[in-house]
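Take a look at the structure set out below.
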Amino acid sequence: MNSSVTVPVVGVVGGGQLARMMAPSATALGIELRVLAEGPDVSAVAAVPTAPVGDYTDLEVLRRFAQDVDVLTFDHEHVPTEHLRTLVAEGVDVRPGPDALVHAQDKLWMRAAVERLGLPNPQWEAVADAEELVAFGERTGWPVVLKTPRGGYDGKGVMVLDTPEAARGAEPAQWFARTDGPLLAEEKVAFSRELSALVARTPSGEVRAWPVVESIQVDGVCDEVLAPAPQLAPEVASAAADAARTLATELGVTGVMAVELFETPGRGAGFLVNELAMRPHNSGHWTMDGSVTSQFEQHLRAVLDLPLGDTGLIGGSAVMKNYLGGANQDLFGAYRAAMGAEPRAKIHNYGKAVRPGRKIGHVNVTGAADEIPELRRRAARAASVLRDGQA
């Protein structure tokens with residue numbers, strides 16, 4: 001008797017490094033991965049055999065891409081929400097769906113949802129002009145943070161304003177003029193460090209969280225991640241993970257979600273929600289080598305409604321270190337020196353052209369629970385060799 005076995009096809013909108021890093025997990029599980037790429041030379045194209053080039057803001061392009069996949073998911077959150085609603089109405093399985101994803105696309109929606117669910121939120125307000133922004137600052141105190149509701153990442157779309165005069169200045173006026181709708185004003189939170197609570201959820205409702213991690217930012221870009229977050233009070237870690245589970249469940253998230261947090265010792269639960277990302281996230285890259293189940297495998301399991309994998313650490317701790325473009329153009333040429341200097345380091349290369357300040361890869365190092373300072377040193381050394389081309 002002849003029998004045929006079909007394998008699921010997962011379509012990823014966006015061809016960046018997140019889509020690229022889904023490919024090994026898809027291969028291991030026998031899943032076919034396809035990517036809608038922004039151009040022929042984006043990161044995922046070299047790793048995914050089927051990677052048509054198309055404009056993700058064009059509904060017809062999305063329709064054509066979606067017609068031959070079982071599930072549509074994302075490398076980024078920038079696909080127009082109205083296009084996703086149309087696809088869902090036409091029968092496409094979009095995961096996460098637009099009703100969930102809008103909370104990662106629009107910071108005003110996110111703030112309102114966090115407030116509605118009774119989770120720790122900074123003071124915030126939707127402001128339509130400079131005078132409303134000044135009134136907010138007078139109520140909450142200066143400085144204040146002004147954000148564009150959509151499109152900001154890695155420190156973009158964020159402005160810190162110290163005085164009413166600054167709030168009435170030319171740059172905020174330009175933001176108000178070119179934005180359709182209000183902007184988001186927030187108090188400038190006094191925090192001790194940034195944390196991230198990573199969680200995954202399936203359509204049938206299974207939820208698993210990874211240990212809460214510390215995320216170290218440099219110039220608005222994630223530089224290091226320490227897993228688990230050192231010296232984090234157990235009750236704060238538990239409450240942060242519970243907040244991530246609540247958001248995933250109540251917002252109907254499917255796939256991986258990162259909840260970026262401010263640690264606020266002595267204030268409320270000890271943390272405030274900063275932002276959401278509904279996709280694999282930089283703060284979860286350590287899971288590729290440090291967790292039983294990586295965030296990329298878990299995302300594929302979740303969007304296909306498969307049972308989720310164990311999220312425990314393989315060892316006692318893990319450190320991730322990003323490396324940005326620097327003096328060295330020949331990353332592969334630096335492998336010998338980097339691997340020789342730090343044989344415990346696991347190098348991940350995003351296949352991008354090197355440009356100063358561009359995120360082009362990361363290094364993971366894992367070890368025992370008491371080794372985090374040593375792991376940081378090793379990861380930083382390997383990243384430095386890759387960036388500069390010499391030990």
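Some observations on this one:
- ³J(HN,Hα) computed for each position of region 111-119 - Karplus, 6.51 cos²θ - 1.76 cosθ + 1.60, integer Hz, glycine/proline x: 4, 5, 5, 4, 5, 4, 7, x, 9
- Most mobile listed residue (GLY309, GLY157, GLY255) in the chain, GNM with C-alpha springs under 10 Å: GLY157
- The fraction of accessible area contributed by carbon and sulfur in region 113-210 is 48 percent, rounded to a whole number (1.4 Å probe; ligands and nucleic acids excluded).
- Pairs of Lys residues in the chain, spaced 8 or more positions apart or belonging to different chains, with C-alpha separations under 13 angstrom: 5 in total.
- For the chain, with +1 on Lys and Arg beta carbons and -1 on Asp and Glu, the positive-most of GLY181, THR366, PHE332 along the dipole: PHE332
- Centre-to-centre separation between the Cα atoms of region 29-80 and those of region 327-391: 29 Å.
- Dipole size of region 51-104 about its Cα centre, with +1 on Lys/Arg Cβ and -1 on Asp/Glu Cβ: approximately 60 debye, rounded to the nearest 20.
- Relative contact order of the chain: 13 percent, from C-alpha pairs under 8 Å at least 6 residues apart in sequence.
- Per-q log10 I(q)/I(0), the chain, q = 0.07, 0.09, 0.12, 0.14 Å⁻¹ (Debye; single scatterer per alpha-carbon; no solvent): -0.32, -0.54, -0.98, -1.32
- Charged-residue dipole, Cβ positions (Lys, Arg, Asp, Glu), region 193-328 about Cα centre, Debye nearest 20: 140 debye
- Around the amide H of VAL12, modelled in the peptide plane, lie the amide H atoms of ARG34, VAL35, LEU36, THR73, all under 5 Å away and 5 or more residues distant in sequence or on another chain.
- Prolate/oblate/rounded call for region 245-289, Cα gyration tensor, a/c under 1.5 rounded: oblate
- TRP142-LEU59 FRET efficiency (beta carbon distance; Förster radius 35 Å; 0.05 resolution): 0.20
- Rolling a 1.4 Å probe over the heavy atoms of the protein chains gives the chain an accessible area of 42 Å² per residue.
- Per residue, the average separation of C-alpha pairs within less than 8 Å and at least 6 apart gives region 226-349 a relative contact order of 21 percent.
- Sequence-distant contacts, meaning Cα pairs under 8 Å at least 6 residues apart, place the relative contact order of region 1-80 at 38 percent.
- Packing here is the average count of other Cβ atoms within 10 Å per residue, and on that basis the peptides 175-181, 121-127, 358-364, highest first, run 358-364, 121-127, 175-181.
- Once backbone amide H atoms are built at 1.01 Å from N, SER291 has ILE314 as its partners under 5 Å, excluding neighbours fewer than 5 places away on the same chain.
- Annotation for region 1-98: GluC sites (Glu not before Pro) lying in DSSP loop with at most 14 further Cβ atoms inside 10 Å of their Cβ are GLU90.
- Under a 5 Å amide H cut-off, with hydrogens placed 1.01 Å from N, ASP223 pairs with ILE216, GLN217, VAL218 among residues at least 5 apart or on other chains.
- When +1 charges are put on Lys and Arg Cβ atoms and -1 charges on Asp and Glu Cβ atoms, the dipole computed for the chain relative to its Cα centre reaches about 1000 debye.
- Inter-label distance, nm, simple model (7 Å from Cα along the C-beta direction), VAL158/ARG178: 2.0 nm
The values are calculated or read from the model by the stated rules, or taken from the named source; none is laboratory data. Computed from a predicted structure; not experimentally measured. A quick note on method: Cβ atoms are made from the backbone with ideal geometry, for glycine too, and the neighbour counts reach across all protein chains shown. Quick note on the areas: whole protein, heavy atoms, side chains included, nothing else; ligands and nucleic acids left out. Shrake-Rupley method; radii C 1.70, N 1.55, O 1.52, S 1.80 Å.
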